[in-house]
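Notes for the one structure printed next.
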Amino acid sequence: MSESPVTVLGLGDMGTALARALLRAGHRTTVWNRTAAKAEALAAEGALTAATAGEAVAASPLVVVCLLDYDSVRQVLTPLADALSGKAVVNLTNGTPRQARELAAWAAGHGARYLDGGIMAVPPMIGTPAAFLLYSGSPTAFADHRAALDLFGESHHLGEDPGRAPLYDIALLSAMYGMFSGVLHAYALVRSDGVAAADVAPLVGRWLTAMSGAVDGYARQIDSGDHATGVASNLAMQSAAYRNFTSSARDQGISPELIAPIGHLMARRVADGHGHEGLSGLVELLGGGWPGASPVTNVPGQHN
Ligand code: FVH
């Protein structure tokens, strides 16, 4: 066991997967969980179990935090403020950019270097090539501990603003939930006519794969502000068709609540005179604008 010591606070499904990746690579891994029984399996695999979170923090220069939410992170870390001095705290708990910035400022005020992280993986993916994690915050903490962080998945540092990683995390997860919403609605719709979800699943998967090119295409249109050039499926046509989506749902006795909002936005955009444009123009109804922030270049899958 020659690798540097690491502490993991939180042994839910994800924290357990993270601790296991560290153990497998030979790190002296100290673990703590509010419900102590969840540490037993890891202890059998060689983890050191701490009776308190304070004991766990004292054991390692790198403290990985993976709890349910920022309220639980605050509850666990606040009493340990003084013990965090000199530590690198890597918080992989899901949260908002604002929460990350506030926690980073608090940690810095107590002498800790802080990295916020978004895990783009589910627990079984940890330590596999499919997993990638987005970090932002202290560049030196990232550089000093990168070898350990790379054990979880491909690591990407998005800059010093601790809010940047959760911003990307929430953005990517929002895209995922949009896709899942459509998939669940599709299965509810076919089920209402006696068709098993499994029967239509291969076609749903094939269709989503075929449409995935829109990810890059919409990005180009949104960044340029030109939602009209090269449009193959104009919005007036899409909006007219979309009315059939909610009508079909109602006819089949299915709630349209997972798919209705985008239909309302399409109708508004067409009424505003943008029927000749493409779907990407809906982004203009969402606000936010383009502040001209410099894009981050170190992003998985992006080839500059
Ligand atoms: N699992 C996933 O698919 C996703 C993948 C992407 C990242 N998320 C985020 O990771 C955080 C942890 O998720 P998790 O899957 O480990 O979640 P649970 O299995 O539900 O474990 C929750 C742990 O949090 C502890 N906890 C909750 N409240 C408190 C508290 N007030 N004080 C101390 N600890 C607390 C809980 O402890 P216990 O209930 O076992 O005593 C678990 O250790 C999360 O942010 C995801 O969004 C996962």
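The values are calculated or read from the model by the stated rules, or taken from the named source; none is laboratory data. Since the structure is predicted, the reported quantities are computational estimates derived from the model, not experimental observations. Quick reminder, even Gly has a Cβ in these numbers, built from the backbone with ideal geometry, and neighbours come from all protein chains shown. Calculation scope for accessible area: heavy atoms of the full protein, side chains included, ligands and nucleic acids excluded. Shrake-Rupley method; radii C 1.70, N 1.55, O 1.52, S 1.80 Å.
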Original post:
Restricted to the range 49-58, and to residues that are assigned to a loop (DSSP other than H, G, I, E, B) and open to solvent by 30 Å² or more (accessible area, probe 1.4 Å), which residue is farthest from the ligand (Cβ to nearest atom)?
Top reply: Ala51
Original post:
Does Ala50 meet the test of being of a type in the set (A, V, I, L, M) and over 27 Å from the mean Cα position of the chain (by Cα)?
Top reply: yes
**OP:** With the checklist (1) of a type outside the set (Phe, Trp, Tyr); (2) in a loop (DSSP other than H, G, I, E, B); (3) in contact with a Ser or Thr (Cβ under 9 Å, 6 or more places away or on another chain) in hand, flag the one item Gln221 doesn't pass.
**Re:** (2)
Original post:
Restricting the search to the range 247-267, which residues are of a type in the set (Ser, Thr, Tyr), in a helix (DSSP H, G or I) and closer than 13 Å to Ala188 by Cα?
Top reply: Ser248
Original post:
Restricted to the range 71-84, and to residues that are open to solvent by less than 10 Å² (accessible area, probe 1.4 Å) and within 12 Å of the ligand (Cβ to nearest atom), which residue is farthest from the chain's Cα centre (by Cα)?
Top reply: Leu77
**OP:** Scan the range 93-148 for residues that are part of a helix (DSSP H, G or I) and among the acidic types (Asp, Glu) and jot them down.
**Re:** Glu102, Asp144
Subject >> Conditions (1) open to solvent by 30 Å² or more (accessible area, probe 1.4 Å); (2) under 25 Å from Thr128 (Cα atoms); (3) near the ligand (Cβ under 9 Å from one of its atoms): number failed by Arg24 >> reply: (3)
Original post:
On the given criteria, is Tyr242 assigned to a helix (DSSP H, G or I), aromatic (Phe, Trp, Tyr), outside the structural domain of Leu115 (by TED's automatic domain parsing) and surrounded by fewer than 14 Cβ atoms within 10 Å (Cβ to Cβ)?
Top reply: no
